[in-house]
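To keep things clear, I will list the structure first and then write my remarks on it.
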Amino acid sequence: MSDTAFDLLAPHVRSSSGRSLWLADENLLSAHIPANESVVAITNRFDLQQHLQKQGWKAFFSDYDLSIIDDESLDSVIYRISKEKPVVHHLINEAYRCLKPTGKLIIAGDKNEGIKTYFSKAKKMFGSGNCSKADKDTWLAFLEKTDLSTETRLDDKQYHQLRITASDDNYEYQSKPGVFGWDKIDKGSAYLIENLDSFLMTLPEPPKNVLDLGCGYGYLSLNLAPLDIPITATDNNAGALLACQRNFDRYPVNGRVIAADCADGITEGFDLIVCNPPFHAGFSVDGDLTDRFLKAAHNRLNERGIACFVTNLHIPIERKAATLFHQAECIMSNGNFKLVRLSHAV
Ligand SMILES: C[S@@+](CC[C@H](N)C(=O)[O-])C[C@H]1O[C@@H](n2cnc3c(N)ncnc32)[C@H](O)[C@@H]1O
């Protein structure tokens, strides 16, 4: 999937000289850019870091923790803006800190993602810059750090701070900006937990372990803790893994939190799998991602186990799952979401 905004930045990533930083986000998995020795890449997506490392890039996986980069040490920072405002603000603030005087921040994005507003705010901080229209939706902007004494910082909602963002009768959930639905309980996931017993009663015996596929800050895992079986929680997003680990430590939960792309690298089998799959990858609706989550559930599910998926009603999950599982059945729906039970057993 090509992304016009990233296409505008690609030549700069390719040809950058001096010391440069590429903040990699969103739809870049299809991009094949030869490694550039002057450029270090930092991404909060595990799949992207693996992908870039395979292509020879010096690529780091973290929750955009730029503390590994010294103040005023970079000549340029290249960044295709993210979807979430606190993430963008955090990275513009950090770019300002890391850039040398007259260093350049190069950003691109779409009008409806707020690129022009980000540009104006960044220009106030940096001192100078220009922004040009590449097509009817997409803009490319260059900022130059000429104001060296500005006190302005954009509101990043204390980006790195884990804090209680939601609670219910049983738990307080800690999370942070940059994590899927970070400041709320997802309604689909809550629906799955409310009806967990309807799934569990169909198991031939109590489950001995559980996999939370795409765990986010760990809502499903925490609510499975009363089963008192080992929980494996896995996600692709660095912030989600930090938040989930924090929630596991606080209660504590009998489990482990693992960075993985659709459970790749996890070899164990599970009696119970729970999943609220993403259907957005970066800026696009990605049917393939749903397929990959189903495939992961298929590969990791024990012979007599069950996988419990919750999705929006319009996702044809039963049809997609039919080729992988003996049974793929919607057991319940509520007008917005459906609960789908998948099993290998006949
Ligand atoms: C709809 S959210 C569900 C989060 C959490 N389970 C909940 O119920 O609140 C989907 C999760 O899948 C994660 N995700 C997206 N792509 C992934 C991938 N390739 N591998 C693993 N996890 C991924 C996202 O980071 C997000 O946390």
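The values are calculated or read from the model by the stated rules, or taken from the named source; none is laboratory data. Keep in mind it's a predicted model, so treat the numbers as computed, not measured. Heads up, the Cβs are rebuilt from the backbone with ideal geometry, glycines too, and the neighbour counts pull from every protein chain shown.
Would you point out which residue out of Glu318, Glu303 is assigned by TED's automatic domain parsing to the domain that holds Val274, free of Cβ contacts under 8 Å to residues at least 24 places away in the same chain and surrounded by fewer than 20 Cβ atoms within 10 Å (Cβ to Cβ)?
Criteria check complete, one pass: Glu318.
To keep it simple, each residue is scored yes or no on (1) farther than 22 Å from Leu99 by Cβ; (2) of a type outside the set (S, T, N, Q); (3) touching a His at 6+ places or on another chain (Cβ under 7 Å).
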| position | (1), (2), (3) |
| --- | --- |
| Phe126 | no, yes, no |
| Lys133 | yes, yes, no |
| Asp156 | no, yes, yes |
| His160 | no, yes, no |
| Arg163 | yes, yes, no |
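Restricting to strands (runs of 3 or more DSSP E) lying wholly in region 157-226: which have 3 or more residues that are touching a helix residue (DSSP H, G or I) at 6+ places or on another chain (Cβ under 7 Å)?
172-175, 210-213
When you scan region 50-81, how many residues do you find that are in contact with a helix residue (DSSP H, G or I) (Cβ under 9 Å, 6 or more places away or on another chain) and at pLDDT below 95?
Residues in region 50-81 being in contact with a helix residue (DSSP H, G or I) (Cβ under 9 Å, 6 or more places away or on another chain) and at pLDDT below 95: 0 in total.
Which is modelled with pLDDT of 95 or more, within 12 Å of the ligand (Cβ to nearest atom) and at negative phi, of Asn170, Asn195, Asn209, Asn223? Explain how you work it out, then say what you get.
Values: Asn170 fails: within 12 Å of the ligand (Cβ to nearest atom); Asn195 fails: within 12 Å of the ligand (Cβ to nearest atom); Asn209 fails: within 12 Å of the ligand (Cβ to nearest atom).
Only one candidate passes the filter, namely Asn223.
Quick one: Asp264 ticks every box in (1) away from the ligand (no atom under 11 Å from the Cβ); (2) over 24 Å from Thr202 (Cβ atoms) except a single one, so which number is it?
Every listed condition holds for Asp264 apart from (1).
Pull out all pairs, ordered by first then second residue, where Cβ-Cβ is under 6 Å, the residues are six or more apart or on different chains, the first lies in region 229-241 and is within 8 Å of the ligand (Cβ to nearest atom), and the second is part of a strand (DSSP E or B).
If the second residue must be part of a strand (DSSP E or B), the pairs left are Thr234/Ile258; Asn236/Arg45.
Based on what the data block shows, is Asp183 within 24 Å of Ile92 (Cα to Cα), within 16 Å of the ligand (Cβ to nearest atom) and of a type in the set (Asp, Glu)?
The answer is yes for Asp183.
Can you tell me which residue within region 155-184, out of those that are closer than 18 Å to Ala238 by Cα and of a type in the set (S, T, N, Q), is surrounded by the most Cβ atoms within 10 Å (Cβ to Cβ)?
By that ranking, first place goes to Ser175.
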